[in-house]
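S.K.: Sharing a structure with you now.
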Amino acid sequence: MLQTFHGPQRLLSFFSQVKITVQLLGQARQLSPSDEIVLNVADGSSVDEIVPVLLDGASDSLRLVLSEGSEALQLRRSVMAIHNDQTIEPATRDLLKDGDALSLLPPMSGG
């Protein structure tokens, strides 16, 4: 699945977009038709900035697991964001670069 991010936070030109791979883990993987999603996003985007396009067309269940609020404007703070094998703060700007891997891991539940 390839989607392009044209968020209101940044003016995008053809040359400022990069391709990243988002891997959904845990419960998010079970709620998504695919475990990996390839996105074109603005160079240097934060994780929070890509959440609206990541969840565009997603099921209500997946939106509930990954995002804060009904508008899916940012990553739920209980979801672990892992950027190139490093845990990160989702609001960090100037982060995502071409070829980056981003994994999203919701908290585990059960007992």
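S.K.: Working only within the stretch 75-95, note down all residues that are more than 16 Å from residue 17 (Cα to Cα) and buried (at least 19 other Cβ atoms within 10 Å of the Cβ).
M.R.: Of everything in the stretch 75-95, those that are more than 16 Å from residue 17 (Cα to Cα) and buried (at least 19 other Cβ atoms within 10 Å of the Cβ) turn out to be 75, 79, 81, 83, 90.
S.K.: Does at least one position in the stretch 16-32 carry a residue that is at pLDDT 90 or above, more than 27 Å from residue 108 (Cα to Cα) and under 13 Å from the mean Cα position of the chain (by Cα)?
M.R.: The first filter runs over the stretch 16-32 and keeps only residues at pLDDT 90 or above, leaving 17-32.
After this cut, where a residue has to be more than 27 Å from residue 108 (Cα to Cα) as well, the list is 17-19.
Those left that are additionally under 13 Å from the mean Cα position of the chain (by Cα): 19.
Yes, there is a match, as at least one residue in the stretch 16-32 is at pLDDT 90 or above, more than 27 Å from residue 108 (Cα to Cα) and under 13 Å from the mean Cα position of the chain (by Cα).
S.K.: Separate question: Which one of 60, 98 is acidic (Asp, Glu), over 21 Å from residue 109 (Cα atoms) and surrounded by fewer than 17 Cβ atoms within 10 Å (Cβ to Cβ)?
M.R.: Selected residue: 98, the only one of 60, 98 that is acidic (Asp, Glu), over 21 Å from residue 109 (Cα atoms) and surrounded by fewer than 17 Cβ atoms within 10 Å (Cβ to Cβ).
S.K.: Would you please list the contacts, defined by Cβ atoms under 8 Å and residues six or more apart or on different chains, that run from a residue in the stretch 73-101 that is over 18 Å from residue 37 (Cβ atoms) to a residue that is part of a strand (DSSP E or B) and among the charged types (D, E, K, R)?
M.R.: Listed by first residue and then by second, the contacts come to 77/68.
The values are calculated or read from the model by the stated rules, or taken from the named source; none is laboratory data. Keep in mind the model is a prediction, meaning the values are calculated, not measured. For neighbour counting, all protein chains shown are included, and Cβ atoms are generated from backbone atoms with ideal geometry for every residue, glycine included.
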